[in-house]
1. About its Cα centre, how strong a charge dipole does region 26-83 have in debye, to the nearest 20, once Lys and Arg get +1 and Asp and Glu get -1 at the Cβ?
2. How much length is gained if the chain between GLU36 and ARG60 is pulled fully straight, taking 0.36 nm per residue apart and subtracting their Cα-Cα distance, in nm to one decimal?
3. What's the local net charge at ARG38, with K and R +1, D and E -1, over the other residues with C-beta under 9 Å away?
Amino acid sequence: MWQVIIVKGRELAPEHTRDHFAREGIQPHVGYTLEEARQLLTLSETTFRLLLRRGEIKGRKAGRQWRFLGSDLLEFFRDGDRP
């Protein structure tokens, strides 16, 4: 059975569901670099930075580098499920 999720107005394939990310290793209490977070969400750098600027992905600056909590990455998908 195929599961389709709509996130921020775009359809995601089953392998992009929150459960998939949980199995693949996104841990809610772990911090990720910008590149790690981008790869986990399978987004281009341009798209990731655009979503970050819009506030759709939460991140925190640590000095000159961005850090992202796994729980914030998972929240990005949960928010997309709401009408």
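A short reminder: the numbers here are calculations on the coordinates, not readings from a lab. The model shown is predicted, which means the values in this text are computed figures rather than measured ones. Here the Cβ positions follow ideal geometry from the backbone for every residue, glycine too, while neighbour counts run over all protein chains shown.
1. Rounded to the nearest 20 debye, it is 300 debye.
2. 7.2 nm
3. Charge balance in the 9 Å sphere: -2.
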